[in-house]
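Chemist: Quick one: the structure is below, and I'll ask about it shortly.
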Amino acid sequence: MRARRHRGGESGEEHGIDLAPMLDFVLNLLIFFIITTSFVREPGIFVNAAEAETALGDQDANILIAVRSNGEIWMDRRQVDLREVRPLVERLHLERPEDTVIVVADKGAASGLVAEVMDEVKLGGIDEVGLGAATVGGG
Amino acid sequence: MRLRRHFDHSETTGIDLAPMLDFVLNLLIFFIITAVFTKQMFMPVGRHGGGAGGPAGDEEAGSISVIVKASGEVLVDNRLVDVRAVRANVERLHAQKPEWGVMVTAEQDAEAGVLVQVIDQVRQGDVENVSFGTSSR
């Protein structure tokens, strides 16, 4: 009788779902996302940048700084003062020295402010600064 | 007896996959959330003037001057041109002085949109050595 109950347990084993294929699939997904993740520091705000045909997208830049038409500067998902840009860039540069910066300026932003932000970034230790642009056709 | 041995054996050797699966799923969710698929396009430009950043080109070699005014007017080599004509003008000047770079100087209040268009036009004119600065008020 007891053995029989054990056998009942065996039939319970048959009812269980085979997790192996699902586990394979989930691991593949995981590997895909690990590989494609680039950890970009987004400004946290949408900027309507001007279009440019010669804009490059093949090099990775990890720190984005947005300059809005009303003079606000956004980086790392918060609004910052112009004087805060340099220490922030210095800290990020220490954390990951290979990072580069793109300054994304709104169409209506003042060029003087864009230049000042770029200067602060360079004083913060990152020499590779790009001027952000949208692709032609809104891509 | 035989049945019992078989049963015990299979139960002790099987690894419980559930905690590992939980962990892997958590990792997966983390990477899905942090994944960024949009890529910011940009143009590499040098800086001239001001405290930081040296001149983009060889200073002795000189450079082609492009000025963007606050009113949106664009001057190439001190001649007023349309934004779309910057490329042709720069190409012509670049053909005369191939070793010269281009200095784009914007007034403080010039719109960045015009500036990006002008730098794009210069880059379309096959000039790689573009630097950007601002004039004092």
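The values are calculated or read from the model by the stated rules, or taken from the named source; none is laboratory data. Just so it is clear, the structure is predicted and the values come from calculations on it, not from any experiment. Cβ coordinates were reconstructed from backbone atoms using ideal geometry, including for glycine residues, and neighbour counts include every protein chain displayed.
Chemist: Residues to consider are A:Asp81, A:Asp99; find the one that is more than 10 Å from every other protein chain (Cβ to nearest Cβ) and in contact with a His (Cβ under 9 Å, 6 or more places away or on another chain). Spell out how you get there, then give the answer.
Modeler: On the way: A:Asp81 fails: in contact with a His (Cβ under 9 Å, 6 or more places away or on another chain).
Result of the check over A:Asp81, A:Asp99: A:Asp99.
Chemist: State all residues of segment B:65-88 that are in contact (Cβ under 8 Å) with a residue 24 or more places away in the chain and either out of contact with any Ser or Thr (no Cβ under 9 Å at 6 or more places or on another chain) or farther than 19 Å from B:Gly133 by Cβ (or both); if no residue qualifies, say none. Lay out the reasoning, then the answer.
Modeler: Going residue by residue through segment B:65-88, those that are in contact (Cβ under 8 Å) with a residue 24 or more places away in the chain are B:65-70, B:72, B:74, B:83-84, B:86-88.
Selection gives B:Lys69, B:Gly72, B:Val74, B:Val83, B:Arg84, B:Val86, B:Arg87, B:Ala88.
Chemist: Which residue pairs have Cβ atoms under 6 Å apart, sit 6 or more places apart or on different chains, and have a first residue in segment B:107-125 that is at the interface with another protein chain (Cβ under 7 Å from one of its Cβ atoms) and surrounded by fewer than 24 Cβ atoms within 10 Å (Cβ to Cβ) and a second that is of a type outside the set (A, V, I, L, M, F, W, C) and in a helix (DSSP H, G or I)?
Modeler: So the pair list comes out as B:Gln108/A:Gly112; B:Gln124/B:Arg87.
Chemist: Kindly list the number of the only condition in (1) at pLDDT 90 or above; (2) closer than 13 Å to A:Phe46 by Cα that fails for A:Val85.
Modeler: Only one criterion is unmet by A:Val85, namely (2).
Chemist: Residues that are over 25 Å from B:Asp126 (Cα atoms): find the strands (runs of 3 or more DSSP E) completely inside segment A:55-108 holding 1 or more of those.
Modeler: Working: elements: A:63-67, A:73-75, A:78-80, A:101-105.
Fully inside segment A:55-108 and qualifying: A:63-67, A:73-75, A:78-80.
Chemist: Just checking, how many residues over segment B:80-106 are of a type in the set (Val, Ile, Thr) and facing chain A (nearest Cβ under 10 Å)?
Modeler: So in segment B:80-106, the residues of a type in the set (Val, Ile, Thr) come out as B:81, B:83, B:86, B:90, B:102, B:104-105.
Applying the additional criterion that residues be facing chain A (nearest Cβ under 10 Å) yields B:104-105.
Residues that pass the stated criteria total 2.
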